[in-house]
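Participant: Below is one structure. I have some questions about it.
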Amino acid sequence: MAIKLIVGLGNPGKDYQAHRHNAGFWFVEALARQLGASFNKQSKFFGETSEVLLDNSRIHLLKPQTFMNCSGQAIQALANYFNIKAEEVLVVHDELDLNPGTTKLKKGGGHGGHNGLRDTIKALDSKEFYRLRIGIGHPGSKNEVVGFVLNQPSNNELDLIQCSMRDAMSVISLVVEGRFEQAMKELHTD
């Protein structure tokens, strides 16, 4: 099944823009720039949206403006409006369990403590959407996670994150076409 909606998870506003938790926003913004598109506020979708043409496929891009913990509201609104199934959604998010410089594709699964994924699963009533997990590393202690994700990465970490996002960008056409196995093989092979 092909992808019709790519969602970048993050928190809206300048105060959050450079935080690790906004890696999903960074990715969809970079994808839109690469394709010559820009985002527009869409109150009915509780977010900023863009429509792009990627290898002859029309794809919706979404940056929920509901804050991370309520991301599902925006995703559900857009998916329902355009009749997009959970299996046709790719959610791009920061991943504590992967080191900076690592990006992985996955279908389904739990939320792993990620509140944006938790709310998305609840809103879509499904775990069967695709995920692009952008590694941001882990602070080492569970008690430090909130402060860690709501802060900027070091310059070195940011370079690694941006490099891994470029790697993911190189397989995004395969993902959109529904060629997930090939995309995973290319992305996950060092």
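Participant: List the strands (runs of 3 or more DSSP E) that sit entirely inside the range 1-109 and contain at least 1 residues that are of a type in the set (S, T, N, Q).
Facilitator: Where strands (runs of 3 or more DSSP E) fall fully within the range 1-109 and carry at least 1 residues being of a type in the set (S, T, N, Q), they are 40-42, 47-54, 57-64, 103-107.
Participant: So residue 55 passes all but one of these: (1) over 15 Å from the mean Cα position of the chain (by Cα); (2) on the phi < 0 side of the Ramachandran plot; (3) modelled with pLDDT under 95. Which condition number does it fail?
Facilitator: That leaves (2) as the condition not met.
Participant: If you don't mind, another one. Does residue 32 satisfy the condition of being farther than 21 Å from residue 146 by Cβ, surrounded by 19 or more Cβ atoms within 10 Å (Cβ to Cβ) and over 16 Å from the mean Cα position of the chain (by Cα)?
Facilitator: In short, no.
Participant: Next question. Which of the residues that make up the range 73-86 are open to solvent by less than 80 Å² (accessible area, probe 1.4 Å), out of contact with any Ser or Thr (no Cβ under 8 Å at 6 or more places or on another chain) and not small (Gly, Ala, Ser)?
Facilitator: Residues satisfying the conditions are 76, 84.
Participant: From (1) closer than 16 Å to residue 117 by Cβ; (2) buried (at least 20 other Cβ atoms within 10 Å of the Cβ), pick out the condition that doesn't hold for residue 70.
Facilitator: (2)
Participant: Here is a follow-up. Residue 114 is checked against (1) open to solvent by 40 Å² or more (accessible area, probe 1.4 Å); (2) within 22 Å of residue 31 (Cβ to Cβ); (3) modelled with pLDDT under 95 and fails just one. What number does that condition carry?
Facilitator: Every condition holds for residue 114 apart from (1).
Participant: Residues in the range 36-62 that are of a type outside the set (S, T, N, Q) and open to solvent by less than 20 Å² (accessible area, probe 1.4 Å): how many?
Facilitator: 7
Participant: On to the next question. Report yes if some residue within the range 153-168 is among the hydroxyl-bearing types (Ser, Thr, Tyr), over 23 Å from residue 14 (Cα atoms) and either modelled with pLDDT of 95 or more or open to solvent by 80 Å² or more (accessible area, probe 1.4 Å) (or both); otherwise report no.
Facilitator: Yes: the range 153-168 contains one or more residues that are among the hydroxyl-bearing types (Ser, Thr, Tyr), over 23 Å from residue 14 (Cα atoms) and either modelled with pLDDT of 95 or more or open to solvent by 80 Å² or more (accessible area, probe 1.4 Å) (or both).
Participant: Can you tell me which residue within the range 126-144, out of those that are crowded, with 17+ Cβ neighbours inside 10 Å and of a type in the set (D, E, K, R), is farthest from residue 79 (Cα to Cα)?
Facilitator: Only one residue fits best here, namely 133.
Participant: In this structure, is residue 147 open to solvent by less than 90 Å² (accessible area, probe 1.4 Å), without any contact (Cβ under 8 Å) to a residue 24 or more places away in the chain, of a type in the set (Gly, Ala, Ser) and more than 22 Å from residue 79 (Cβ to Cβ)?
Facilitator: When the stated conditions are applied, residue 147 passes them.
The values are calculated or read from the model by the stated rules, or taken from the named source; none is laboratory data. Because the structure is a prediction, the values reported are computed rather than measured. Neighbour counts are summed over all protein chains in view; Cβ atoms, including those assigned to glycine, are modelled from backbone coordinates with ideal geometry. Surface areas here come from the heavy atoms of the whole protein model, side chains and all, with no ligands, DNA or RNA. Shrake-Rupley method; radii C 1.70, N 1.55, O 1.52, S 1.80 Å.
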